[in-house]
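To start, the structure under review is shown below, and the notes come after it.
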There are 2 protein chains.
Amino acid sequence: MPRLTRKLRPLALADVTISGGFWQPWLEINRVSSIPHIYTMLKRTGRIDSLRLQWKPGDPNPPHIFWESDTAKWIEAASCSRATHPDPDLDRLIDETIALLTGAQQPDGYLNVHYTVVEPGKRWTNLRDCHEMYCAGHLIEAGVAHFRATGKRTLLEIVSRYADYIDSVFGPGKRPGYCGHEEIELALVKLYHATGEERYLRLAQYFINERGRKPYLYDTEAAARGDTRPDWADPEYRQSHLPVREQRDAVGHAVRAMYLYSGMADVAAETGDATLLAACRRLWESATGRKMYVTGGIGARHHGEAFGLDYELPNESAYAETCAAIGLMLFAHRMLQMEADGRYADVLERALFNGVLAGMSRDGAKYFYVNPLASGGGHHRQEFFDCACCPPNIARLLASLGLNLYSASDDALYVHLYAAGQAKARIAGQSVTLQVDTQYPWSGQVRMRIGLDAPGTFGLAVRIPGWCRKHKVTINGKPAAAKPVRGYATLRRPWQDGDEVVLTLDMPVERVAASPMVADNVGRVAIQRGPIVYCVEQCDHKAPVRSIFLADKAPLAARFDKRLLGGCVVVEGWGAAEDLGKWKGRLYQSPREAGKMRRVKIRAVPYFLWDNRKPGAMAVWLPRA
Amino acid sequence: MPRLTRKLRPLALADVTISGGFWQPWLEINRVSSIPHIYTMLKRTGRIDSLRLQWKPGDPNPPHIFWESDTAKWIEAASCSRATHPDPDLDRLIDETIALLTGAQQPDGYLNVHYTVVEPGKRWTNLRDCHEMYCAGHLIEAGVAHFRATGKRTLLEIVSRYADYIDSVFGPGKRPGYCGHEEIELALVKLYHATGEERYLRLAQYFINERGRKPYLYDTEAAARGDTRPDWADPEYRQSHLPVREQRDAVGHAVRAMYLYSGMADVAAETGDATLLAACRRLWESATGRKMYVTGGIGARHHGEAFGLDYELPNESAYAETCAAIGLMLFAHRMLQMEADGRYADVLERALFNGVLAGMSRDGAKYFYVNPLASGGGHHRQEFFDCACCPPNIARLLASLGLNLYSASDDALYVHLYAAGQAKARIAGQSVTLQVDTQYPWSGQVRMRIGLDAPGTFGLAVRIPGWCRKHKVTINGKPAAAKPVRGYATLRRPWQDGDEVVLTLDMPVERVAASPMVADNVGRVAIQRGPIVYCVEQCDHKAPVRSIFLADKAPLAARFDKRLLGGCVVVEGWGAAEDLGKWKGRLYQSPREAGKMRRVKIRAVPYFLWDNRKPGAMAVWLPRA
């Protein structure tokens, strides 16, 4: 098939090292705490042992339709982690789990425990609700990640057999179908890349093209099951209300939407399908231009875990599932490779540092599924969930974070996110290493040293984030012109080994306003510094969080507090709090009768670190005094 | 049983006339348009004809478990209406419907079409979900209202037989039970009043005392049905999570809560049960002090049609079901009779003029089920609903509005709501008529002329509403002292026939703020004049409603516009609107980059009249500029 030229190719995970700086401690938490914790939970809840196929009718805890997806994401996380930190014990656990998957795979290649032992004979009868291909997608992703991380083909072969079997069942001239929970589409493109087998790409393309066509698959399917009840959800819930190229608004279940759009972007890139790319661009605008929280959270509604209407972004009742923010990163990553435009990286970064990272506790063993932007004090991270998609999703995201930092174009090395460590790439036929030294995002200074076997001319495209109003670049200590074009300043010159580039991004504390169309934030501001969105927590304030205002002109100062939550930049200043005594027993009264405002000290902490201390209220958007 | 002295007794409907002023046109709309419209819809949807018991398995449109409640509320509305406006055609329809109910009643007294023809043999097997006693309650209320309005005992006898049957099934030493949807409790107290049969009061008391006791009825009941699924709703949804005397927070389905609390107040008043009264007071404080919209709407959440947490009062996603505001009036009415405290009347009035009256269109043929306090433009009244509780509920409320205007104490006539018309009462052994002339709530002036056969001394207790900061009273043109105590200024003196009292309530346009604990209204004000809450509608403004601000000091003027929506007071002044051009393609940016504010003319209309003109956005709470 013809390829639409992707402008950029991400560097392979093995070519990216993260050491020191902001990220290494987080990756350590992920490796040392989170990945083992998740395995323990998978084991304790029966997910691992369900693969032994020993469940019998009458037994408790029947294997659930989506259990494999949790296990698969853990394998992906663990594989990526052991790639940078060899760990024989972890290898053993991974291999054991893969051995169980081998045993659970059916002779024809099918692999879903629920439909093997709980409802045998019913496989593929309810694509609408039953997640079989969603699980297959995560198994495929795990198989590819495991192969890339270890070179072993054990899981890749299992998932290739499964994909071959699925390909033998569904497609033109075979059975029509597509999964109610998208995921397999992007996974099949990964499998195509890993194996070179074009049929996997064609199957992904088929699933995407088939979606939303008339006659409506899930009606036909329900009739075949003899299920006469109306569909419990709107077709928009599964993005199957229209053929994908006709979809203009990001609607329905936000995670599903992101996985679909990511698969669409992949297929568009591989097949040169301009109408599919146009749909991706429209859906990107809808999701990020009118339906995204300042944290990069998406999916405003609890009901259906779904996108709301344009500008429907309530704070306290926000859903903003962790997995949806991860999904937004996946979509952004793909659009960024295609278009090399910094606005995609801006959103990717916003989601990563706020909506995604908030999903995990500082100790790596508790998780938010839902990420509101305000809380009365009752919202807290949990050890695990019955529907446990988020914990292993953060784990695999962090373990494979390196994939998001750099890309190569034909003649330039792109630096999207600044993280201390090293990258190796081949640019314009030349081996290039880039040593990065930075405390970003706590500091806006990034020192980059170029390593070359021989001098050479190529571009170093450094991202100038959308939040940054002023930046400067020096090369070997001398100021260099660095005008950004579409978010990147490309330094193109004959480079010598040891050349040092220093990028300084001005990173003052900023107030952010939301469009007046966002009714919930009218008259409010959020605090942001660099890519980090801040919040105020009750434990730092005597006045109730809800009574705290921020005057437009009150100075706000950033300070690195090395003892706080592993070290972070806090933002401090003076706000105002309304005396609530005048409201005792009153719900409504004249503003003239309201309490007096008094000055109070405000301390804002990064949103992603909230709920790691004494439980209490929290707010991102503060009313302007 | 010992009676807790009710301080007040409402005047009988027949003793209250409403003529002219604000209310007569609304009662006319109800009589001429709404009541016939609802009958047409009951007929068209099969509700009326279902009473013929001709439905057979396989037929379409099976009679629904709660259909009788809709029909019953229509009979109640029609009966009250024909009491003041004799109408032989309407009498014929009522009698026909009652004849159908006679035919539908089973030999043992049972009366529910669904469980007679659709699921025979399953009556009382699912009190949790299936509304049988809820329907019985509405039938009983209809029977009492019909009897009081017409003197005919036809329906009263049907419902007494049904109540006797229910009394034979449930109670101490019989089957345990109470309905998942409260309503029968307050209805049985009405039946007790109408018939003098104390067993009905005892049955109401039993249902209230039984509620929430352990072992939990609905668990036992589900087990008896062989239903092993977990309860689909939380016990709080039905206020059955705790014995009622232990309930401290208004929780769950708001309509159910209000009907329960009303029944509790009734039983407390009849039985002198101080612990029950104390529970009513606590639940009143919870519902109105921390969970009520400025419109008197209650039940913030769509999910479960339920109360939210304290101060959880979102505007655009408000549920605020019309029936819940009506239920709040019912509860307020009962607390007012017991305690003679104007704060109950304040809430009753707030709900009536805002949350309830908004529920019906100006033409009386369209209804809001849900009453948000802000709309992007997509929320509109509908002709009817599958779950059609609200339309006949407003109809019966308006047709019996007179019950809410006056009460008698042993030695005073209380005037709670000012409405043009006449009241007849016996006070301290004396026949008193009160002729009221007023355009209230458009004007704060109320002229009251006392009619007496002979001079006499008694009190005229006129309510000084909580919203009123300044009032004066003249008697026969001379200023009189009128200091309010608990919301009422009692004018006690030897009265002569023809004495004239003029009450003038100062009624400026006011801004109202919400407690800072209501996160959704921080930095916002609502406009109120007298009891009327205002809103801005898109059709009166060029600038998008969401971009309109109101400066704290901007003067606002009230003006009666006789051509607008049947004549109403509009509030006009200057606000500010943000230029949205700067937000094109942007969701978040610095407040420094936001659009400039420009002066715009604001016109606010009564909230209850919104969505009667060109459809569009609406907002009650405006951000302060």
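So here's what we get for this one:
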| quantity | calculated |
| --- | --- |
| Mean separation of Cα contacts under 8 Å, 6 or more apart, over the residue count of chain A: relative contact order % | 13 percent |
| Relative contact order computed over segment B:408-505 (Cα-Cα under 8 Å; 6+ residues apart), in percent | 29 percent |
| Interface area, A with B, accessible, probe 1.4 Å, both sides summed, Å² nearest 100 | 3300 Å² |
| Segment B:408-505: proportion of alpha-carbon pairs further apart than 19 angstrom, % | 34 percent |
| Kyte-Doolittle mean at least 1.6, axial Cα span of 30 Å or more - DSSP H helices of chain A | none |
| Within straight-line cross-link reach of residue B:483, lysines at Cα separation under 17 Å, skipping those fewer than 8 residues along the same chain | B:470, B:472 |
| Percent carbon-and-sulfur accessible area, the protein assembly as shown, ignoring ligands, DNA and RNA, probe 1.4 Å | 52 percent |
| Average other protein chain Cβ within 10 Å of Cβ, residues A:588-597 | 5 |
| Alpha carbon Rg of segment B:260-418, scaled by the compact-globule rule 2.2 N^0.38 Å | 1.06 |
| Dimensions (Å) - segment B:510-623, Cα atoms, principal axes, largest first | 44, 32, 23 |
| Qualifying lysines (Cα of each under 19 Å from Cα of residue A:424; at least 8 residues distant if same chain) | A:7 |
| Summed residue charge, Cβ within 15 Å of residue A:377's Cβ, Lys/Arg positive, Asp/Glu negative | -1 |
| Inter-chain shielding of B:287-300 (mean C-beta neighbours from other protein chains, 10 Å cut-off) | 1 |
| Descending Cα extents along the principal axes, chain A, whole Å | 73, 71, 48 |
| Hits among aspartates and glutamates - C-alpha to C-alpha of residue A:43 under 18 Å, sequence gap 8 or more where chains match | A:59, A:68, A:70, A:76, A:89, A:91, A:95, A:96, A:383, A:386 |
| From phi via Karplus (6.51, -1.76, 1.60), per-residue ³J(HN,Hα) for segment B:52-65 in Hz, x at Gly/Pro | 6, 6, 9, 5, 10, x, x, 5, x, 6, x, x, 8, 4 |
| Fraction of alpha-carbon pairs over 22 Å apart in segment B:452-568 - percent | 55 percent |
| Positive dipole terminus of chain B, leading residue within B:66, B:272, B:600 (C-beta point charges) | B:600 |
| Average accessible area per residue (Å²) across the protein assembly as shown - probe 1.4 Å, nucleic acids and ligands excluded | 36 Å² |
| Extreme residue, positive dipole direction of segment B:504-578, given options B:543, B:512, B:554 (C-beta unit charges) | B:543 |
| Calculated SAXS-style log₁₀ I(q)/I(0) at q = 0.04 Å⁻¹ - the protein assembly as shown, Debye, Cα scatterers | -0.27 |
| Kirkwood estimate for segment A:393-446, i.e. one over the average of 1/r between Cα atoms, Å | 12.2 Å |
| Tail fraction, Cα-Cα pairs, segment B:36-113, threshold 18 Å, whole percent | 41 percent |
| Segment B:308-404, relative contact order [Cα under 8 Å, separation at least 6], % | 34 percent |
| Expected-Rg normalisation [2.2 N^0.38 Å, Cα atoms] applied to segment B:4-76 | 1.62 |
| Where chymotrypsin sites (Phe, Trp or Tyr not before Pro) in DSSP loops with at most 16 other Cβ within 10 Å are excluded, longest remaining stretch of chain A | A:386-625 |
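The values are calculated or read from the model by the stated rules, or taken from the named source; none is laboratory data. Since we're looking at a predicted model, the values are computed, not measured. Glycine gets a Cβ as well: all are built from the backbone with ideal geometry, and neighbour counts include every protein chain shown. Surface areas here come from the heavy atoms of the whole protein model, side chains and all, with no ligands, DNA or RNA. Shrake-Rupley method; radii C 1.70, N 1.55, O 1.52, S 1.80 Å.
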